Amino acid sequence: MNTKNSPHHIVIVGGGAGGAELAKKLGDSVGKHNQAKVTLVDAKLTHIWKPLLHEIAAGTLNSSIEAMEYIDHAHRHHYNFQLGYVDHVDPQAKEISIAPTLDDDEEETIPRRSLKYDTLILAVGSLTKHFNTKGVVEYCKFLDTLEEANNFQSYLMRKMLRAQNRTQELRPGQLHVAIVGAGATGIELAAELHGATKKLIAFGFDKLEASRDIKITIIEASPSILPALPKRLSDAALEELRKLNIEVMTDERVVEAKKEGLITHSGKFIPAETMVWAAGIKAPNFLTTIDGLETNAINQLLVKTTLQTTNDENIFAFGDCASCPLIGEEGFVPPRAQAAHQQASLLVKTLKYRLAGKTNLPEYRYVDYGSLVNLGHYSTVGNLMGNLMGRWSGSMSVEGFVARMVYKSLYRMHLIALHGYTREILMTIANWITNRGLKPRLKLH
């Protein structure tokens, strides 16, 4: 129970889709009315919706326009923001430790500090898992963070500039992009890169010919792409990729990455100077070092259906970093943005219960609203479950314009959860006025 002199301190670690929404909702409720102190800790100053990273990497979305600044958001929504990377949790002392923040010159900007908590909520998301495949860390790109996406865009732009201003023939694989993993991230990145390179050529890169010089290959270890979707939709996505001349290799497991390309288990060599690893996920390693808490093989914290960790009722975890059992069926909640959004909404209710001294906390029941995969402006495919379709039961397959509009609406729902309806409408109008005819549809720097 909180007291007047010492309010209950809720600390949220991780400002991703779920963490940022939770901080806003708690700040606007218990924080605004001084029922609790709410603190969000994140290693970055800005938030971007992770499903957009492939567009930022391709240069078709400008992160400086879409990113939300935590400091401003915290001020507007009655919570505190602390910049830094949490590298240690002490459940006995109910304290977290935040590593020093360094600038670009490796000089300390913010020293190491610690924060006491009454309730700790871990929402640190996930990272790409490379399965310790030889050469991947050295030679492959990752798109786990906004910084990595921006760096990839700059890298790709330099590659194209060099190719445009070359004095000799292109090297084998010089403008070949090989993407490992045919899940949503890999598929969406491939389609977005195809569109981006065509736009670059239209901007005057006249020494390059897309069909001749630029090649995109997706390599997948399983028999088909997009295993989370029904076969008909997986096949539809494959057909769209082939229309774009994107090569898709299934049943091929990458066993080594080299500077010049990738080697698969069957002995095939895929020449590519640009390689992106988008296969598999894991939670951050530091979660496995927290005394007393249980983790699984991919570092996720084991939680109960209340989202409390199995061995500590004062520590909650949700989103990609948590392994939560499904209610009424076998298995665990999938690591998807819609799950994090649902869990954030539940935890608002949960924290109000805790502040009122209630011990019978609500349980999380996963609701599957379907899956959508966006192939840039070319197409979108997916299935919408009966839970989203209201009075209809089962699921409905959607493609093309309808699916694209639904996909866009998911992002708008996230922005509304962060900013509210009025501010989001005004921001949308402002962005439309700023971008329409005033800025190129591709980031060129």
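The values are calculated or read from the model by the stated rules, or taken from the named source; none is laboratory data. The structure displayed is predicted, hence computed values, not measured ones. Methodologically, a virtual Cβ is constructed for each residue, glycine included, from the backbone with ideal geometry; neighbour enumeration extends over all protein chains shown. To get the accessible areas, we keep the full protein, side chains included, count just its heavy atoms, and leave off ligands, DNA and RNA. Shrake-Rupley method; radii C 1.70, N 1.55, O 1.52, S 1.80 Å.
Name every residue in the range 215-261 that is open to solvent by less than 30 Å² (accessible area, probe 1.4 Å), closer than 19 Å to Q174 by Cβ and over 25 Å from the mean Cα position of the chain (by Cα), in order of residue number. Hit for the range 215-261 is G261, nothing else. Selection of first residues in the range 352-369 that are over 16 Å from T309 (Cα atoms) and of second residues that are open to solvent by 100 Å² or more (accessible area, probe 1.4 Å) and of a type outside the set (K, R), restricted to Cβ pairs under 8 Å at least 6 apart or on distinct chains, gives the following pairs, ordered by first then second residue: Y353/N360; L355/M1; G357/M1.
Scanning the range 289-305 for residues that are touching a helix residue (DSSP H, G or I) at 6+ places or on another chain (Cβ under 9 Å) and assigned to a loop (DSSP other than H, G, I, E, B) yields a total of 3. Regarding the range 346-366, can at least one residue be identified that is at pLDDT below 90 and either in a loop (DSSP other than H, G, I, E, B) or touching a strand residue (DSSP E or B) at 6+ places or on another chain (Cβ under 8 Å) (or both)? No: zero hits. Listed here are the strands (runs of 3 or more DSSP E) enclosed by the range 226-288 that have at least 3 residues being hydrophobic (A, V, I, L, M, F, W, C): 254-258, 274-277.
Is it true that some residue in the range 175-182 is out of contact with any Cys (no Cβ under 8 Å at 6 or more places or on another chain) and either open to solvent by 40 Å² or more (accessible area, probe 1.4 Å) or acidic (D, E) (or both)? Looking through the range 175-182, none of the residues is out of contact with any Cys (no Cβ under 8 Å at 6 or more places or on another chain) and either open to solvent by 40 Å² or more (accessible area, probe 1.4 Å) or acidic (D, E) (or both).
Restricting attention to the range 186-212, report how many residues are open to solvent by 30 Å² or more (accessible area, probe 1.4 Å) and either more than 30 Å from P334 (Cα to Cα) or assigned to a loop (DSSP other than H, G, I, E, B) (or both). Break it down into steps so the answer makes sense when it comes.
Filtering the range 186-212 for residues open to solvent by 30 Å² or more (accessible area, probe 1.4 Å) gives 194, 198-199, 201-204, 206-207, 209-212.
Remaining after also requiring either more than 30 Å from P334 (Cα to Cα) or assigned to a loop (DSSP other than H, G, I, E, B) (or both): 198-199, 201-204, 206-207, 209-212.
So the count comes out to 12.
Taken over the range 76-104, the criterion of being more than 24 Å from the chain's Cα centre (by Cα) and small (G, A, S) is satisfied by A93, S97.
Among the residues of the range 144-198, those identified as without any contact (Cβ under 8 Å) to a residue 60 or more places away in the chain and aliphatic (A, V, I, L, M) are M160, L161, A163, L170, A190.
State which residue is most open to solvent (accessible area, probe 1.4 Å) when the search covers only the range 316-341 and only residues that are assigned to a helix (DSSP H, G or I) and closer than 18 Å to V124 by Cβ. Of everything passing the filter in the range 316-341, H341 is most open to solvent (accessible area, probe 1.4 Å).
A283: in contact with a Cys (Cβ under 6 Å, 6 or more places away or on another chain) and in contact (Cβ under 8 Å) with a residue 60 or more places away in the chain, yes or no? When the stated conditions are applied, A283 passes them.
I need the full set of residues from the range 342-359 which are crowded, with 21+ Cβ neighbours inside 10 Å and among the β-branched types (V, I, T), in order please. Within the range 342-359, just T350 meets the criteria.
Of the residues in the range 23-77, how many are among the β-branched types (V, I, T), over 30 Å from L200 (Cβ atoms) and open to solvent by 10 Å² or more (accessible area, probe 1.4 Å)? Before the answer, list the steps.
First pass over the range 23-77, keeping only residues among the β-branched types (V, I, T): 30, 38-39, 41, 46, 48, 56, 60, 65, 71.
Then keep just the ones that are over 30 Å from L200 (Cβ atoms); that gives 30, 38-39, 41, 71.
Filter once more, keeping what is open to solvent by 10 Å² or more (accessible area, probe 1.4 Å): 71.
The number of residues fulfilling the criteria is 1.
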